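Enquirer: My structure is below; once you've seen it, I'll send some questions.
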Amino acid sequence: MSFLAPLFLLGGAAIAAPILFHLIRRTSKEKQPFSSLMFLQPSPPRVTKRSRLENLLLLLLRCAVLALLALGFARPFIPKPVEVSNDPNAGRKIVVMVDASASMKREGIWGQARERVGDVLAGVGRADRVALYVFDRTVRRLVSFEQWSQRSEGQRISLAEEQLAGVSPSWAGTRLGNALISAVEALEEADSEDSAAQWGGAREIVLVSDLQDGADLDAIQAYEWPEGVGLRVEPIKAAKSTNAGLQLVAERSDGPRSQEGQGPRVRISNAADSQREQFQVGWVSGDSSDFLGSAADAYVPPGQSRVVQLPKAPSGVKDARIRLTGDDETFDNTVWRVEPKAQTVPVFYLGSESETDLEQPLFYLKRAFQESKLEKIEVVARPAETPVAEVDLERSRLVVAARALVGGEAATLKAFAQRGGTVLVLLKSADDAAVIGALTGGAFPKTEEAKVSQYAMLGEIDFEHPLFAPFADPRFSDFTKIRFWKRRKLDFEALADARVIARFDDDDPAVTEISLGQGMLLVLSAGWHPADSVLARSSKFVPLMYALLENSGAIRAQVSQVSVGDEIAIDAGPGGKPVRIVKPDGATVEVGAGVKFADTDQPGVYTTMVGEATRQFAVNLAPGESRTAAIDVEDLPVRGASVSAPELTPEQSEARKRLLLKSQLESQQKLWRWLVIAALLALIAESFVAGRLTRPAAG
């Protein structure tokens, strides 16, 4: 028997510990009852030269546990005779990685890459094995080692060339670091499956790429490059070196609506090896090269970037896009932009008061929500004369009930909450608690006007609840300045689903949450208007209302600009309806509720359709693809790719092969598992024997 990690056998020296403990442990064998020991001095057992081992079975079990664990950690295996060939002409394992990212769309680049792969395959020997991969953001295998070996010698190269011919560069970015790690993993996987006769050759990765400066190498910075794996780079050079890219500058979602008349800002990035500095950028229609209106001139030196403010897109043009001219390479000279549209969020307020009455809650609710660039929150008041209907709530997620319900409003609001809506019951008087019973389908909680001597305050608040989570920071968690002049006292014992998330200083419920289907019912025991409290005039009111709105799901993050390959969450609309997505090429994809859309494989404008409602978002190239200046191969180690593979002597190569074969043999046998099981059984037996020996004698 041999061991893969023999140093762990030194752990067997721990067997001396239980032997030593058994030698020094002396206990009295017999006990003699005695009337009193208070006048006698204790005499502990002493170790003498006449110490001898006792309880040999217990000692053997303890020693066996330590010995079996030491053997298991040493990873034993039964050796087999292996002939390790050290023939320098033995077959190699070669992984060919071909860059198929957006930068490879430049003129003449992809044709060169295919020719370079053909040259690499032409130099492959009869005993060599080849795997072919292409990569951009992800890695895709075209030919595996197994497929290569299964083909006859005359069909192997044609198989690889045929598979590569069916591939063209994508619009995705370049994750070079991930690709190199995937290549190493492919070699290691092949090593684990190889027989002893297949260990004679070298392992090599051939990278066919333009080595653009914008390639992502972050993944390999903390990666330990394995010994004995070589990297051969076959760089591809573009016929034209000048390249400038165009990217949209991110817009602030919380900007005021007064800036809507301005156009977008774009960044022009010029590659470090460019030969041009003067460019123009402006709006175009479709694939036309003629600008709509005047274009903006931009002077961008090589290796630098400039931001340009454009006018608003021309009105009446459906397919307007932004284009850059003056550049030799056009693959990254167009960006698509979707004009951010403010989503209208209706919030229904059931109350009969006037919206200009400073003494009523509606006045403060309408002024709590500020209109922003992407959100237009509309508070719709519904008095008892015009009850809210189901059709009104199709686009709403929040209803504030501050009056008694009339007609079929109870059934409408209950169905609204059960499918995910939020109903806030604002108790302006004790009689308003009848709304709770109408919505929950049972008796409303016992309610009465609380007796307040001077004022009440909030005493206990659950800051882990989403409604109060924005105030969890100690800087904002002080609610002691909010005083309540009037409030209602409620008893929620009859409602099992009620959860109090805020209490007054006398422990009465202040804010209570009641689960109702997929939605919830929130009960405020006091109003925010001046007659009840100073809440509406405090600094906590506005963020509290926005937290309520966000918790209800009324405000949804709208993404209008993403990069190729990015995932985007699609709002499935009410009831979880499926969404149809029309891609720029006209293809239609259907996405189910709660599924992120990841098929953003081409730049352009995507249209989502839920019933008759439509929304658009734009997909553009990753900014790094415009940085096409080539990396010096010698700079790869500086950027984190420690890819140097030192030449091994024949003795080192043979020792490495033997070690790998031993590791493969040990992995197949897995004797350590049986040793660990045996150690556990011995430990169970030791516990049983020790328990029997320490059990007091009967009588």
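Enquirer: Calculate the spin-label point distance for Thr356 paired with Ala272, positioning each point 7 Å from the Cα along the beta-carbon direction, and give it in nanometres.
Expert: Each label point lies 7 Å from its Cα, and together they span 6.7 nm.
Enquirer: What nm value, rounded to one decimal, do you get for the distance between Ser192 and Arg395 when each label is placed 7 Å out toward the C-beta?
Expert: Output for this residue pair reads 5.5 nm.
Enquirer: At what distance in angstrom do the alpha carbon centres of region 425-474 and region 335-389 lie from each other?
Expert: Their Cα centres are 23 Å away from one another.
Enquirer: Moving on to the next point. Work out the charge dipole of the chain with +1 on the Cβ of Lys and Arg and -1 on the Cβ of Asp and Glu about the Cα centre, then indicate which of Asn178, Ile157, Leu310 is farthest towards its positive end.
Expert: Asn178
Enquirer: Can you tell me the order of 178-186, 676-684, 104-112 when each peptide is scored by its average per-residue count of other Cβ atoms within 10 angstrom, highest first?
Expert: 178-186, 104-112, 676-684
Enquirer: Does a label point 7 Å from the Cα of Val542, set along Cα-to-beta-carbon, have any residues of region 350-371 with amide nitrogen under 18 Å, and which are they?
Expert: 362-371, by backbone N distance to the label point.
Enquirer: Sticking with this structure for a sec: Given the Cα-Cα distance of Arg232 and Lys596 and 0.36 nm per residue of separation, how much length would full extension add, in nm?
Expert: Once the chain is fully extended between Arg232 and Lys596, it gains 127.2 nm.
Enquirer: Give me Val143, Val317, Val400 sorted ascending by neighbouring Cβ count inside 10 Å, so fewest comes first.
Expert: Val317, Val143, Val400
Enquirer: Out of the GluC sites (Glu not before Pro) in region 429-535, which ones are loop residues according to DSSP with at most 14 other C-beta atoms within 10 Å?
Expert: For GluC sites (Glu not before Pro) across region 429-535 that sit outside H, G, I, E and B with at most 14 neighbouring Cβ atoms in 10 Å, the list reads Glu464, Glu493.
Enquirer: Where does each of Phe492, Phe331 land when they are ranked from fewest to most other beta-carbon atoms within 10 angstrom?
Expert: Lowest count first: Phe492, Phe331.
Enquirer: I want to check the label-to-label distance for Asp507 and Gln370. Put each point 7 Å from Cα in the C-beta direction and report it in nm to one decimal.
Expert: With each label point 7 Å from Cα toward Cβ, the separation is 4.2 nm.
Enquirer: For Cα pairs less than 8 Å apart in space and 6+ apart in sequence, what is the mean separation divided by the residue count of the chain, i.e. the relative contact order in percent?
Expert: 15 percent
Enquirer: A further question follows. Taking neighbour counts of Cβ atoms within 10 Å as a proxy for exposure, in what order, fewest first, do Arg487, Arg692, Arg92 appear?
Expert: Neighbour counts put them in this order, fewest first: Arg692, Arg92, Arg487.
Enquirer: A further question follows. Starting at the first residue of region 182-189, write each ³J(HN,Hα) from the Karplus equation 6.51 cos²θ - 1.76 cosθ + 1.60 with θ = phi - 60°, in whole Hz, x for Gly and Pro.
Expert: After applying 6.51 cos²θ - 1.76 cosθ + 1.60, I find 5, 5, 4, 5, 5, 5, 5, 5 Hz.
Enquirer: As an exercise, use a Förster radius of 45 Å and the Cβ-Cβ distance of Ala411 and Lys312 to find the FRET efficiency, rounded to the nearest 0.05.
Expert: Given R0 = 45 Å and the Cβ-Cβ separation, E is 0.45.
Enquirer: Work out how much length Ala472 to Gln163 would gain on full extension: take 0.36 nm times their residue separation and subtract the Cα-Cα distance, in nm to one decimal.
Expert: 105.5 nm
Enquirer: Return the long-range amide H neighbours of Val379 (sequence gap of 5 or more, or a different chain), with a cut-off of under 5 Å between placed amide H atoms.
Expert: Val347
Enquirer: Could you name the lysines whose alpha carbon sits less than 29 Å from that of Lys428, not counting residues in the same chain fewer than 8 places away?
Expert: Lys366, Lys376, Lys414, Lys446, Lys451, Lys481, Lys486, Lys489, Lys540
Enquirer: Which cross-chain or sequence-distant (5 or more) residues have an amide H under 5 Å from the amide H of Phe444, H modelled 1.01 Å from N in plane?
Expert: Here the answer is Gly437, since their amide H atoms fall under 5 Å of that of Phe444.
Enquirer: Also: So, with +1 on the Cβ of K and R and -1 on the Cβ of D and E, and no other charges, what is the size of the charge dipole of region 561-620 about its Cα centre, to the nearest 20 debye?
Expert: In total the dipole reaches around 160 debye.
Enquirer: Let me ask something else. Per residue of region 135-145, what does 6.51 cos²θ - 1.76 cosθ + 1.60 with θ = phi - 60° give for ³J(HN,Hα)? Whole Hz please, x for Gly and Pro, Karplus curve as stated.
Expert: Whole-Hz 3J(HN,Hα) from phi for region 135-145: 8, 9, 6, 10, 10, 10, 8, 9, 9, 9, 4.
Enquirer: Would you pull out the residues with amide H under 5 Å of Ser563's amide H, same chain only if 5 or more places away, H placed 1.01 Å from N?
Expert: Asn620
Enquirer: For every helix of n ≥ 4 consecutive DSSP H residues, a contribution of -39,500 (n - 2.57) applies; sum these over the chain, divide by its total residues, and give [θ] at 222 nm rounded to the nearest 500 deg cm²/dmol.
Expert: Calculated from helices alone, the mean residue ellipticity at 222 nm is -7000 deg cm²/dmol.
Each value in this text was obtained by applying a stated rule to the coordinates, not by laboratory testing. Computed from a predicted structure; not experimentally measured. Counting neighbours? That spans all protein chains shown, and the Cβs are built from the backbone with ideal geometry, glycine included.
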